[in-house]
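In what follows, a structure is listed as structure tokens, so that the remarks can point back to it.
The values are calculated or read from the model by the stated rules, or taken from the named source; none is laboratory data. All values derive from a computational prediction rather than experimental measurement. Cβ sites come from the backbone with ideal geometry, for glycine too, and all protein chains shown count toward neighbours. All accessible areas refer to the heavy atoms of the entire protein, side chains included, with ligands and DNA or RNA removed. Shrake-Rupley method; radii C 1.70, N 1.55, O 1.52, S 1.80 Å.
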Amino acid sequence: MIPAVATLLDDGPIPLARAMAIAADHYYAAREPFGPAGDFVTAPEISQMFGELIGLWLADLWQRAGSPADAVLVELGPGRGTLMTDALRAVRRAAPGLAAVPLHLVERSPRLKGMQAQKLAGAVWHDSVETLPGDRPLLLVANEFLDALPLTQFERTEAGWALRRVSRDGWDLALAANPAFIPETMRGALPGSVHERNFAAEALVAGIARRLAVQGGAALFIDYGYAGPALGDTLQAIRNGAFADPLSTLGEADISAHVDFAAMARAAAPHVQLFGPEAQGMFLESIGIGARADALKAMASIETRAEVEAARSRLVSVGAMGRLFQALALVAPGWPAAAGFNRMAR
Ligand code: SAH
């Protein structure tokens with residue numbers, strides 16, 4: 001556990017969400033989490049195809065919306081900047097007008113901002129979504145961003161539902177004065193059951209949806225998750241590619257939780273058209289990963305061909321990232337339907 005969290009605990013237990021927010025800031029500021037030498041590998045780091053296809057998805061929607069020249073491109077939590085670099089290369093060919101619009105990046109880690117600046121010169125950085133432009137259509141993408149936002153966990157005890165807090169000696173349970181946050185069907189769950197809510201992620205998604213309704217545009221969220229309501233503890237910490245104990249490694253390991261896509265859809269629903277949640281594999285197949293992989297293979301050596309094929313399989317196959325990861329698109333009212341989704345949610 002890093003000193004910043006340990007010191008706070010001297011004054012007593014703190015809610016998990018608070019500890020996770022401090023831990024995430026420290027972690028992304030201090031460690032190099034991405035890539036083969038880091039703690040985990042994200043989709044854009046697996047293959048250029050991921051960012052390229054997302055770029056084409058954005059370009060297609062923007063063109064069918066009449067190519068609004070005042071739009072801006074936005075990415076939340078760009079990491080090493082790989083996704084947007086690959087996306088822009090594809091957008092430059094498919095829709096040069098979109099490649100020329102301003103790029104806004106939401107990133108809190110000064111270290112990662114520096115890394116992003118080397119690849120994405122000319123972008124505008126924000127510490128939060130609050131300061132994004134308020135008067136232009138947004139074409140926004142966020143990959144593995146929601147899972148890092150501070151999670152709230154409730155645990156059922158003999159005496160009722162309690163809020164999980166972090167203390168010097170491990171978990172601490174504070175009986176919830178108001179169990180309104182627990183879905184009715186779960187109120188009678190067995191002691192030890194855990195129910196999760198990500199209030200930060202819900203608020204962020206609702207805020208983006210409200211902006212889209214006013215400003216126009218679309219947002220694509222991709223993350224690992226499920227469609228709740230559900231019981232279960234999905235908090236996880238990963239260090240050097242292996243699972244670690246989330247509490248004892250606060251700030252030293254990547255800490256994240258599965259995203260409840262039903263909760264995200266519910267937060268956005270009053271304001272926008274919803275597409276998905278759809279499994280990442282289905283989504284990437286239907287926006288053309290097969291054709292893109294074939295094109296890359298056609299120009300490649302035998303070894304590279306095998307690499308392209310392995311990457312495609314890792315992104316789409318059910319046993320790898322194809323089903324655990326989900327895509328959810330929010331589209332402004334009056335904008336055209338998003339490509340790549342087989343069904344509309346609700
Ligand atoms: N999208 C990238 C990186 C995912 S990791 C990829 O797919 O590889 C999460 C990213 O979100 C990191 O860049 C991290 O610094 C950033 N981040 C996490 N919490 C944040 C917050 N509350 N506000 C802004 N950025 C945040």
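For the range 277-318, enumerate the residues that are of a type in the set (A, V, I, L, M) and without any contact (Cβ under 8 Å) to a residue 12 or more places away in the chain.
In the first step, residues of the range 277-318 are kept if they are of a type in the set (A, V, I, L, M); the result is 279, 282, 284, 287, 289, 291, 293, 295-296, 298-300, 302, 306, 308, 310-311, 315-316, 318.
Scanning the range 277-318 gives A291, A295, A298, M299, A300, I302, A306, A310.
For the range 8-15, state whether one or more residues are closer than 19 Å to D254 by Cα and either within 10 Å of the ligand (Cβ to nearest atom) or part of a helix (DSSP H, G or I) (or both).
no
Contact annotation: residue pairs with Cβ atoms under 8 Å, 6 or more positions apart or on different chains, pairing a residue in the range 62-77 that is over 14 Å from R136 (Cα atoms) with a partner that is polar (S, T, N, Q) and within 16 Å of the ligand (Cβ to nearest atom), are G77/N143.
Which members of the range 58-80 meet the condition of being more than 9 Å from the ligand (Cβ to nearest atom), open to solvent by 10 Å² or more (accessible area, probe 1.4 Å) and not basic (K, R)? Write out each step before concluding.
Here is the first cut: in the range 58-80, the ones more than 9 Å from the ligand (Cβ to nearest atom) are 58-74.
From the residues that got through so far, the ones that are open to solvent by 10 Å² or more (accessible area, probe 1.4 Å) too are 60, 62-70.
Correct list: D60, W62, Q63, A65, G66, S67, P68, A69, D70.
The residues in the range 113-136 that are surrounded by 22 or more Cβ atoms within 10 Å (Cβ to Cβ) and in contact (Cβ under 8 Å) with a residue 40 or more places away in the chain can be counted, and the count is 0.
Filtered by the rule that a residue be touching a Leu at 6+ places or on another chain (Cβ under 7 Å), in contact (Cβ under 8 Å) with a residue 12 or more places away in the chain and open to solvent by 20 Å² or more (accessible area, probe 1.4 Å), the range 81-101 gives T85, A94. Would a scan of the range 303-313 turn up a residue that is open to solvent by 50 Å² or more (accessible area, probe 1.4 Å), among the basic types (K, R) and either out of contact with any Ser or Thr (no Cβ under 8 Å at 6 or more places or on another chain) or not in a helix (DSSP H, G or I) (or both)? Yes. Yes or no: E144 of a type outside the set (S, T, N, Q) and farther than 30 Å from A339 by Cβ? Spelling it out, it is not the case that E144 is of a type outside the set (S, T, N, Q) and farther than 30 Å from A339 by Cβ. Of all residues in the range 200-252, those that are in contact with a His (Cβ under 8 Å, 6 or more places away or on another chain) and of a type in the set (K, R) total 1.
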